[in-house]
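Structure, as structure tokens:
None of the figures in this text is laboratory data; all of them are computed from the coordinates on show. Since the structure is predicted, the reported quantities are computational estimates derived from the model, not experimental observations. Cβ coordinates were reconstructed from backbone atoms using ideal geometry, including for glycine residues, and neighbour counts include every protein chain displayed.
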Amino acid sequence: MLQTTIGLCALCCALSLPVFAQSKIATTGAPAPATPKGQRAPAQYFTGTAWISYLVADDSTYQCVVGNVAFEPGARTNWHRHPSGQILLVTEGVGYYQEKGQPRRQLRKGDVIQARPGVEHWHGASAKHAMTHVAIVPNTEKGAAVWLQPVTEEQYLSPSSK
Ligand code: MN
């Protein structure tokens, strides 16, 4: 039995299975390096706390990357653009999407956003509610994203900010 347990743990560690991270949280209360929410979104491209879990890795067959992104309240991407555009499927919470020069749009579960190729924009949670979306980036051979400056507090809080 002990041997089986050790064997399983070794396998879980080797594969970095989410179930292992989950059980670690449940038994010790300590944060695991990779949570079921995924990896912490990089601070140089995001304000606040967001988590990215890749669902489809980029490869030469599909040239498409799909990820689940969970934004905690107040968290958002920097301004950025996608050379081949991006599709966002909102699955939970309340958030925002804004294109440069356009009013900020509120996002809710079920909303679908099509960010056109090269159009500068940002997306994230609202100030009081978390938001989760699936992000689909096609034609990654042209590049996934070009990252720009952070969204300021003034821009973030203004529904009509430019
Ligand atoms: Mn985007």
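Each Lys and Arg Cβ is given +1 and each Asp and Glu Cβ -1; about its Cα centre, region 39-157 then shows a dipole of about 260 debye. The distance separating the Cα centre of region 79-119 from that of region 130-159 comes to 8 Å. Label-point separation (nm) for L157 and A57, each offset 7 Å from Cα along Cα-to-Cβ? If labels sit at L157 and A57, their model points lie 4.3 nm apart.
Between W147 and V119, the contour length at 0.36 nm per residue exceeds the Cα-Cα span by 8.9 nm.
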